[in-house]
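The values are calculated or read from the model by the stated rules, or taken from the named source; none is laboratory data. This structure is a prediction, so every number in the text was calculated from the model and none was measured. Quick reminder, even Gly has a Cβ in these numbers, built from the backbone with ideal geometry, and neighbours come from all protein chains shown. Surface accessibility is based on the protein's heavy atoms, side chains included, excluding ligands, DNA and RNA. Shrake-Rupley method; radii C 1.70, N 1.55, O 1.52, S 1.80 Å.
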Amino acid sequence: MNSMTPRAERKQKIVLQSIAFIILGIVFVGLWHALKSARAPSGQVVSEAILLSALSSLFNNLYIVLSISLVAILFGIACAFYLEEWLPATNWIRRLIESLVAILTGIPSLAYGILAILIFFSYADTLKKAIEAFPLPENIGAIPSQIETTVFYAEALTFVLMVMPLTIKTTQEALRSVATPIREAAYVLGASQWQVLTRQVVPIAFTRILAGGCRSMSRAFAMAALLVGIYTWHYTTEPGGMSGRFILFLSVALFLSIFSSTLIWRHTSDSA
Amino acid sequence: MNLQTTPMNHSIETENLSLWYGDFQALIDVNVKIPDGQITSLIGPSGCGKTTLLRCFNRVNERYGNVTTKGKIEVLGKNIYDPDVSLPELRKAVGMVFQRPNPLPISVYENVLFGLQIHSPMRSITRTESDQIVEEALTSVFLWDDLKDRLKVRATSLQLEQQQKLCIARLLPLKPKIILMDEPCSALDAKGTRAVEELMEVLAGTYTFLIVTHNMAQARRVSKECIFMFLGELIEHKETQALFEDPEHEKTADYVQMRYG
């Protein structure tokens, strides 16, 4: 199927991974320098305290995206396992979710970003009322004080809507890549469904599931780059505001995307 | 059904076994007795229900959903549809070998131990025990000399013949009574086929073999009794030689002579 030798593939993998890490490194160093040399609109040198707060709000954003998409990915994986391994292909719930997933994964991430902004600005009041019914715990550390719960919920919902379908799809594909003969071999030796899953299917499909998760997260960051970019367009007074955020998120997305492509290593995948 | 040798124990016995895939009836009132400790072959044209019948005996048919089974199947004197029958135990006693060798994508050593590991609590097998089990299993399928230095090699990288032998070897640590084989040689070349057949003949005393085959020469070579099936019905069950040389039914004669006439 693939004409590359394992050695050439290993080389390619190492090169790609180092490129991914170099991109991330350059962006972090560059961002730090940009922040240090930043000037306030009035031309004065910005004090260290303001710089630190700008930095912390930047990383808070990163942290929110990371944590929300991680939760969404874990839910997506669990959902895919249930659909693929427990429900028969003819089950109506499975067919419904699968067609929903097919529809949702076909939408480009920018559309989700615009959807999120629509929710932010048009339905903020309705959302607020809805949220009052389900208040967040007071001490949740992930939400910086300057971000309203409305915004947090809108972000979270958008990410879940975007990340979960993609994760479900990639995880299902990973599970399907474990060929039936392998499963049958384990079943006829008397393994239970749980044993077949934990001892054969998951170890074989693991890197593919991981790669799928990374790809979904990469998409989340790519969308966050657009979203935060647009959202902070008017607030460029903050050092490293719009462009800093945009570049940071985009580079993380790029990193995850390249990294996930190196995870699936054709010569060690045992689908045949 | 004419069994010429009557005083014999039977590993598998079915009574009016019928099976449907949805609306399609794949097995029609099959009554069969498979004798202990020898090789019995199942022949018949494609789609006649040979494989379906074979898959009834360790209940893997159920995995496909939409399957209805009626009638009685006794394996080793026990009705396998009794509520107190545990599937893992049944499958431990009734091993199965597939058409295409399907070793698990782990090392040769782990492949042989896999069956035992799923049936025993974690870490209950010591290293020396497992070494011994692997050596015994591989020796009895004549693989030990070839593979003793390559036990850590991924089983999927072996030759097909070795893979198929390994698939037989991994059943042995579970001490099965019956081994079901679904066209075990169709993916192998002539040499591999001969090797697997020889292996079956050696093991036949210890285990009961039931083998589905499309290769009538093979059925003639290895099996003592032969069953001919046609469109879900069991037509004839006789000693192999008698079935091939003196078929009682017209359909059997047609099928047997189609290839040899």
>> Given the criteria away from chain A (no Cβ under 14 Å), within 20 Å of the chain's Cα centre (by Cα) and modelled with pLDDT under 90, does B:Ala187 qualify?
In response: no
> Can you name the residue in segment B:93-107 that is of a type outside the set (Gly, Ala, Ser) and more than 8 Å from chain A (Cβ to nearest Cβ) and is also nearest to B:Thr206 (Cα to Cα) among such residues?
Replying inline: B:Val94
>> Which of the numbered conditions does B:Arg63 fail, given that it passes all the others? Conditions: (1) of a type in the set (D, E, K, R); (2) open to solvent by 50 Å² or more (accessible area, probe 1.4 Å); (3) away from every other protein chain (no Cβ under 12 Å).
In response: (3)
>> Could you go through segment B:239-259 and let me know if any residue there is surrounded by fewer than 20 Cβ atoms within 10 Å (Cβ to Cβ) and under 20 Å from the mean Cα position of the chain (by Cα).
In response: yes
>> Please pick out the residue among A:Leu62, A:Leu74, A:Leu83, A:Leu66 that is more than 23 Å from A:Ala225 (Cα to Cα) and modelled with pLDDT of 80 or more.
In response: A:Leu83
> Quick one: in segment B:145-155, which of the residues that are within 17 Å of B:Ile106 (Cα to Cα) and surrounded by fewer than 17 Cβ atoms within 10 Å (Cβ to Cβ) is nearest to the other protein chains (Cβ to nearest Cβ)?
Replying inline: B:Val153
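Search segment A:188-199 for residues being surrounded by fewer than 22 Cβ atoms within 10 Å (Cβ to Cβ) and facing another protein chain (nearest Cβ under 8 Å), and hand back the single one that is nearest to B:Ser107 (Cα to Cα).
Restricting to residues being surrounded by fewer than 22 Cβ atoms within 10 Å (Cβ to Cβ) and facing another protein chain (nearest Cβ under 8 Å), the top hit is A:Arg199.
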> Checking A:Ala185 against (1) surrounded by fewer than 23 Cβ atoms within 10 Å (Cβ to Cβ); (2) within 13 Å of chain B (Cβ to nearest Cβ), which test does it fail?
Replying inline: (1)
> under 14 Å from B:Ile211 (Cα atoms), modelled with pLDDT under 90 and surrounded by 22 or more Cβ atoms within 10 Å (Cβ to Cβ), is that true of B:Gly95?
Replying inline: no
> For segment B:8-29, what are the residues that are crowded, with 16+ Cβ neighbours inside 10 Å and closer than 19 Å to B:Thr208 by Cα?
Replying inline: B:His10, B:Ser11, B:Ile12, B:Glu13, B:Thr14
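Going through segment B:157-173 one residue at a time, which ones are surrounded by fewer than 19 Cβ atoms within 10 Å (Cβ to Cβ) and either modelled with pLDDT of 90 or more or over 19 Å from the mean Cα position of the chain (by Cα) (or both)?
Correct list: B:Ser157, B:Gln159.
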>> Need pairs with beta-carbon distance below 6 Å; first residue acidic (Asp, Glu) and within segment B:212-235, second open to solvent by 10 Å² or more (accessible area, probe 1.4 Å); sequence gap 6+ or separate chains.
In response: B:Glu225/B:Glu239; B:Glu233/B:Ile28
> Take the residues of segment A:99-120 that are open to solvent by 20 Å² or more (accessible area, probe 1.4 Å) and not hydrophobic (A, V, I, L, M, F, W, C): which is nearest to A:Ile168 (Cα to Cα)?
Replying inline: A:Thr105
> Given the residues B:Leu54, B:Leu76, B:Leu90, which is the only one that is within 12 Å of chain A (Cβ to nearest Cβ) and either surrounded by fewer than 20 Cβ atoms within 10 Å (Cβ to Cβ) or among the polar types (S, T, N, Q) (or both)?
Replying inline: B:Leu90
>> List the strands (runs of 3 or more DSSP E) inside segment B:184-261, counting only whole elements, that have at least 1 residues being over 26 Å from B:Ile168 (Cβ atoms).
In response: B:225-230, B:233-239
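Table: residues versus (1) open to solvent by less than 40 Å² (accessible area, probe 1.4 Å); (2) within 14 Å of chain A (Cβ to nearest Cβ); (3) modelled with pLDDT of 90 or more.
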{"site": "B:Tyr109", "(1), (2), (3)": "yes, no, yes"}
{"site": "B:Val112", "(1), (2), (3)": "yes, yes, yes"}
{"site": "B:Ser120", "(1), (2), (3)": "yes, yes, no"}
{"site": "B:Thr126", "(1), (2), (3)": "no, no, no"}
{"site": "B:Glu129", "(1), (2), (3)": "no, no, no"}
{"site": "B:Leu143", "(1), (2), (3)": "yes, no, no"}
